[in-house]
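Comments concern the structure below.
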Amino acid sequence: RRRMPQQPSSRDAFASTLGAFAATVGSAVGLGNIWKFPFLTGSNGGAAFVLTYLLAVALVGVPVMAVEHAIGRRMRLNAVQAYARVVPRQPFWSLIGWGGLLAAVLIMAFYTDVAGWVFAYVLKSALAAAGGSPLTPDTFGRLASGTFEPLFWQVVVLVVTTGIIAAGVSKGIEKVTKTLMPLLFALLLVCDVRALTLPGASAGVSYLFRPDLTKITGTVLLSALGLAFFKLSLGMGTMTTYGSYIPDETKLAPNAIRVALADTLVSILAGLAIFPAVFAFGGQPAGGPGLLFNTIPLVFSKMPGGSLFTVVFFVLAAIATIGAMVSLIEVPVAFLVERGHLSRPAAAVATGLAMFALGTLATLSQSPVLEGVKPFGKSFFDLFDFLSSNVLLPVGGLAIAVVGGWLMKRAEFLGELDKGYAAEPWYDRAIYASIRYLAPGLILLILLNSLGVIRL
Ligand code: PHE
């Protein structure tokens, strides 16, 4: 048996199982639920997409999260070094970690753009509530296609996030997520009650839950798989890094299942707040990235005290983005601290600057400055999103499943997954079967299908 590293006392970590759960949910829950899930559902035909997505979460997402946590906790290292060492004498696998660093920067490039819109909407909705001009689709159009305004907000977002990261793992990440997640949940429920009691709301509900199976195409499959990875922060080392902070007594499989359930619930609640309203007001479900920004103010304006609720909603959305961004930045930061021996604040600033550099490309891709620039036929914004969610994360997830399912010994993997159990529970065996066969098989099929190599 190899001797595995103990958590060095100088290494920061989550203080408890509850803290680990909160931070992990905090990473998973974010723009993915309130922005991306609704708009992808809208542009991929509704319930058929939702169904495919749920299957991807259960069959691929949960098992891959469990492996990432197990590998991270076993190695007690940042993602690059963890994968470099988990398979003895095969440093090749550190590519998973390097790909993860790249994905983190690419995702943050467009994520901070959207988060910036959310932050801007906090201010704009507050001004509207105080009697200023109301929020209209035009408000969003001008913001998204602006130059200085969205860049300004992107900087604000990055400064806030880097600040939390600099504060550390237990005092920064864990503390912030533990207080804010329950609040987000409560507010979403309020929005749901409002949206679901609108006349004509049922059309939105069936749009989400009555699948038309003929709508499942290759694109739908890839988008659903990509969303599952993006949503659960998988395939790029975020969950590996977080795994390295999880206490030994935490049971990793039940934790992963709980995280996936909580996260999925938030997505469904967000969908239920948005689609009934879209249908009730005769809007377009395929509204694209602007869906959230155009619908929520509209829905809320129809109810008493609505302008105030709009403010609260965007405050909470802003909060949700923070837990996710913190976890994205943490991947390079952990690496720079442990491998590059930088201080945490210095690593956070360096990472923030790199993210801002690429981020300006995403943000300006909708402004006149870069409007016509379309590498590979996509705007920088769409390109970064596509490359990360639909390429890097699934490929990373595939490689991670291979490491956990084929290159680590079964006893080594399962021993970490449920440290301290006397017998293997059924879900451990199910997770092992999935990472060995089902998850890699499905990912491979979907990727080959989208490349046109095979036809599903
Ligand atoms: N899961 C986050 C969200 O849905 C995004 C994210 C992706 C965070 C990858 C970390 C890593 O908003």
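All of the numbers you see were taken from the coordinates with simple rules; none came from a lab. Predicted model only: the values in this text are computed from it and were never measured. Counting neighbours? That spans all protein chains shown, and the Cβs are built from the backbone with ideal geometry, glycine included.
For this structure, a couple of remarks:
- Of the residues L342, V193, V159, the one whose Cα sits farthest toward the positive end of the charge dipole of the chain, with +1 on the Cβ of Lys and Arg and -1 on the Cβ of Asp and Glu, is L342.
- 12 Å beta-carbon shell around V80, net charge (K/R +1, D/E -1): +1
- Under the combined filter of DSSP loop state and at most 10 neighbouring Cβ atoms within 10 Å, region 43-134 retains these trypsin sites (Lys or Arg not before Pro): R89.
- Rounded Å value of the spacing that divides the Cα centres of region 28-57 and region 280-315: 18
- The length gained by stretching the chain between L407 and L444 to full extension, at 0.36 nm per residue less their Cα-Cα distance, is 11.5 nm.
- Only helices enter the 222 nm calculation for the chain: every DSSP H run of n ≥ 4 contributes -39,500 (n - 2.57), and dividing by all residues gives -21500 deg cm²/dmol, rounded to 500.
- Given 15 as the ceiling on other Cβ atoms within 10 Å, longest exposed-site-free region of the chain for GluC sites (Glu not before Pro) in DSSP loops: 1-248
- Couplings for region 134-146, taken from phi via the Karplus curve 6.51 cos²θ - 1.76 cosθ + 1.60 with θ = phi - 60°, read x, 7, 10, x, 5, 4, 5, x, 5, 5, 5, 9, x Hz in order; Gly and Pro are left as x.
- Residue order, fewest to most surrounding Cβ atoms within 10 angstrom, among H341, H69: H341, H69
- Spatial separation of Cα centroids for region 92-160 and region 384-456, in angstrom: 32
- D (Stokes-Einstein, µm²/s), Kirkwood Cα radius, region 9-121, 1.002 mPa s at 20 °C: 128
- Positive-end extreme of charge dipole, the chain - chosen from L101, T321, W35 (charges on Cβ): L101
- Shown for the chain is the translational diffusion coefficient from the Stokes-Einstein equation, using the Kirkwood radius over Cα pairs, a temperature of 20 °C and a viscosity of 1.002 mPa s: 97 µm²/s.
- Taken about its Cα centre, region 161-270 carries a charge dipole of about 120 debye when Lys and Arg each add +1 at the Cβ and Asp and Glu each add -1 at the Cβ.
- Relative to the longest principal axis of the Cα atoms of the chain, the long axis of helix 291-301 makes an angle of roughly 50 degrees.
- Longest site-free stretch - the chain; sites: chymotrypsin sites (Phe, Trp or Tyr not before Pro), DSSP loop, at most 14 other Cβ within 10 Å: 1-280
- Computed about its Cα centre, the charge dipole of the chain is approximately 900 debye, with only Lys, Arg, Asp and Glu carrying charge at their Cβ.
- Calculated P(r) tail over 11 Å for region 213-259, as whole % of Cα pairs: 74
- Excluding same-chain neighbours fewer than eight residues apart, the aspartates and glutamates reachable from K124 by a Cα-Cα span under 15 Å are D138, E149.
- Other residues with beta-carbon under 15 Å from the beta-carbon of L336 carry, at +1 per Lys or Arg and -1 per Asp or Glu, a net charge of 0.
- Full-extension gain in nm, S301 to T197, via 0.36 nm per residue minus C-alpha separation: 36.0 nm
- Remark: region 305-456 carries a charge dipole of roughly 280 debye about the Cα centre, counting +1 on each Lys and Arg Cβ and -1 on each Asp and Glu Cβ.
- Cβ-based net charge around I257, under 13 Å, with every Lys or Arg adding one and every Asp or Glu removing one: -1
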